[in-house]
1. What does the extension gain come out to for T52 and S7, with contour length at 0.36 nm per residue minus their alpha carbon separation?
2. Keeping every protein chain present and rolling a 1.4 Å probe, give me the accessible area per residue for the chain in Å².
3. Filter the trypsin sites (Lys or Arg not before Pro) in region 1-80 down to the DSSP loop ones having no more than 12 other Cβ atoms within 10 Å, then list what survives.
4. How much of the accessible area of the chain, probe 1.4 Å, is carbon plus sulfur, in whole percent?
5. Using all Cα-Cα distances in region 34-115, what percent lands in each 10 angstrom bin from 0 up to the longest?
6. Put a dot 7 Å past each Cα toward the Cβ at Q44 and N99; how far apart are the dots in nm?
7. Roughly how many whole Å is it from the C-alpha centroid of region 85-115 to that of region 23-51?
8. With every protein chain present, what accessible area does V5 have (1.4 Å probe, heavy atoms only), rounded to the nearest 10 Å²?
Amino acid sequence: QVQLVESGGGLVQPGGSLRLSCAASGSIFNRYHMRWYRQAPGKQRELVATFTSGGSTYYVDSVKGRFTISRDNVKNTVYLQMNSLKPEDTAVYYCNADNAVDNSWGRGTQVTVSS
């Protein structure tokens, strides 16, 4: 399995920005789709953004135009740049790496958007 470690969460005011990072244990991006999920209290885990092994990106409608997923192939790190944050973005954010034979998760990082 792939080891994934998230960082970058915290408390931010509405309208602010955060950048989440997900460090992977090795050069995996050509073999795995990388995804960011989030889970708010009392809600199901939700797929937020995807960076496919082929280089395509996808977003849930609620974050389009505000969030950007990117990756650094040298640092083996995936990022989620989050701008114009809203209170409803408050959640634990999880990094995920998956392919046909593996599905690995990080432990998550808390993002709280509040004034």
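The values are calculated or read from the model by the stated rules, or taken from the named source; none is laboratory data. Note that the coordinates shown come from a computational prediction; the quantities given were computed from them, not determined experimentally. No Cβ is skipped: glycine too gets one built from the backbone with ideal geometry, and neighbour counts run over all protein chains shown. Surface accessibility is based on the protein's heavy atoms, side chains included, excluding ligands, DNA and RNA. Shrake-Rupley method; radii C 1.70, N 1.55, O 1.52, S 1.80 Å.
1. Length gained between T52 and S7: 14.1 nm.
2. Counting only protein heavy atoms, the per-residue value for the chain is 53 Å².
3. Those satisfying the criteria are K43, K64, K75.
4. Carbon with sulfur: 46 percent of the solvent-accessible area.
5. 17, 53, 27, 4, 0
6. 2.8
7. 7
8. 90
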